[in-house]
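K.L.:
I have a structure here, written as structure tokens, and I will follow up with some questions on it.
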Amino acid sequence: MSTEASYRYTGEIGIDLSQLATQVGRVPEQAIIENALQANGVKLADLQGRLYSEKQTGVIIILQGMDTAGKDGLIRHVFTGLNPSGTSVVSFKQPTQVQLDHDFLWRINQALPERGEIRVFNRSQYEDVLISRVHPEMLLHQNLPGVNELTDVDDAFFQKRYHDLRHFEKYLRHQGFVTIKFFLHLSKEEQTRRFERRIQIASKNWKFSPSDMKERAFWDDYQMAYQQMLENTATKKNPWYLIPADDKGIARLIVSNILVKRLKDLNPQYPAVSDDERQRLDDILKDLKSGKL
């Protein structure tokens, strides 16, 4: 299997999204994938414990992808075993009127993790340069300054938003918050198969919505919107990781490998105690063993 560097998109190189799914190579047996995921889960749990006790760095994990790309399943498999006290998931749906009355990053600020926490964003602020690029008419009802008709929603408008997104992550980094971004790239053929299963298997019917078919009609527009978003918001400090998502096991393993590496790079440590504190703890331990406490 290729290393995670193969899927790192920095904006300095071009990647044809339609060819990305062929870059994985030989598919390992399912048992190998599951064993590797479990091993990574142990590593992630240890790193999360250190991060939580250190309380210096917050981690934001962003998952973006088309419908049926596997975000929910990836969350279940990759983050199983992590302490829920320091790990949580936020799903961003259609913004409410209250959220629309604020700036487009307001609801993201409300959802940021505390220092020491890991928070997974199932969709994110990047929806504001994806769905609005495909359906620019939705912006006409948001009372945005200078946006009065469709011609106002031009490339200059989105360039400003790309700029704001890049600088928002830079600001967060300066404050001690790390953003790790994944795009789960799914082929249209695989999406077809997954929609078919949602319709054919009764236990999966609840996952299917007729509105999914409406958005699928804009497949090519979304591919272009994603391409533009990736090119304009990937930086050396905050790259996008492009994950081939047609094989769910492979996608989960790649993501978990990257997370282990990135969290190791943070090098979180349990807080050290002073000599006086160590002596006090030793005295308490002696009293506990002797029955004095």
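K.L.:
Efficiency by 1/(1 + (r/R0)^6): what FRET value for Met138 and Tyr270, r their Cβ-Cβ distance, R0 = 51 Å, to the nearest 0.05?
P.N.:
0.60
K.L.:
Within the set Lys170/Lys261; Lys181/Lys214; Lys204/Lys261, which residue pairs have Cα atoms separated by over 32 Å?
P.N.:
Over 32 Å Cα-Cα: Lys204/Lys261.
K.L.:
Is there a pair in Lys43/Lys286; Lys207/Lys236; Lys160/Lys188; Lys264/Lys286; Lys71/Lys236; Lys43/Lys248 whose C-alpha atoms are over 26 Å apart, and which pairs would that be? Walk me through the intermediate numbers first.
P.N.:
Working: Lys43/Lys286 33 Å; Lys207/Lys236 36 Å; Lys160/Lys188 30 Å; Lys264/Lys286 36 Å; Lys71/Lys236 24 Å; Lys43/Lys248 21 Å.
Among Lys43/Lys286; Lys207/Lys236; Lys160/Lys188; Lys264/Lys286; Lys71/Lys236; Lys43/Lys248, the Cα-Cα distance tops 26 Å for Lys43/Lys286; Lys207/Lys236; Lys160/Lys188; Lys264/Lys286.
K.L.:
Between Asn109 and Thr235, what length in nm is gained on full extension when 0.36 nm per residue of separation is reduced by their alpha carbon distance?
P.N.:
Roughly 43.3 nm would be gained on extension.
K.L.:
Can you order the peptides 199-208, 175-184 by their average number of other Cβ atoms within 10 Å per residue, highest first?
P.N.:
Those peptides, ordered most packed to least, come out 175-184, 199-208.
K.L.:
Now for a different question. Find the eigenvalues of the gyration tensor of the Cα atoms of the chain, then list the square roots of 5 times those eigenvalues as equivalent ellipsoid semi-axes, largest first, in whole angstrom.
P.N.:
38, 25, 18
K.L.:
Only Lys, Arg, Asp and Glu count, each charged at its Cβ (+1, +1, -1, -1), so figure out the dipole size of the stretch 49-165 about its Cα centre, rounded to 20 debye. Walk me through the numbers on the way to the answer.
P.N.:
Details: 12 positive and 15 negative charges, 142 e Å.
The calculation lands at about 680 debye.
K.L.:
Hey, rough spin-label estimate for Ile199 and Asp212, points 7 angstrom out along Cα→Cβ, what's it come to in nanometres?
P.N.:
1.0 nm
K.L.:
Quick one: pull the percent of accessible area on the chain belonging to carbon and sulfur, 1.4 Å probe, ligands and nucleic acids left out.
P.N.:
Values: 7940 of 15640 Å².
Answer for the chain is 51 percent, counting heavy atoms of protein chains only.
K.L.:
A further question on this structure: Taking the highest mean first, how do the peptides 282-291, 151-160 order by number of other beta carbon atoms within 10 angstrom per residue?
P.N.:
Numbers: 282-291: 9.8, 151-160: 13.5.
Top to bottom by mean Cβ count within 10 Å: 151-160, 282-291.
K.L.:
Can you tell me the length gained on complete extension of the stretch Arg262 to Asp101, counting 0.36 nm per residue apart and subtracting the Cα distance?
P.N.:
That works out to 54.4 nm of additional length.
K.L.:
Roughly how many Å² is the accessible area per residue of the chain, as a whole number, for a 1.4 Å probe?
P.N.:
Here the residues of the chain average 53 Å² of exposed surface.
K.L.:
Once you charge only the Cβ atoms, +1 for Lys and Arg and -1 for Asp and Glu, what is the size of the charge dipole of the stretch 187-234 about its Cα centre, to the nearest 20 debye?
P.N.:
400 debye
K.L.:
Continuing with the same structure: Report, in whole Å, the centroid distance computed from the Cα atoms of the stretch 122-145 and the stretch 241-275.
P.N.:
Their Cα centres are 31 Å away from one another.
The values are calculated or read from the model by the stated rules, or taken from the named source; none is laboratory data. Bear in mind that the values here come from a model prediction, so they are computed numbers and not experimental data. Here Cβ is always computed from backbone atoms with ideal geometry, including for glycine, and neighbour counts include all displayed protein chains. The protein model used for the area step is the full one, side chains on, heavy atoms only, and it has no ligands, DNA or RNA in it. Shrake-Rupley method; radii C 1.70, N 1.55, O 1.52, S 1.80 Å.
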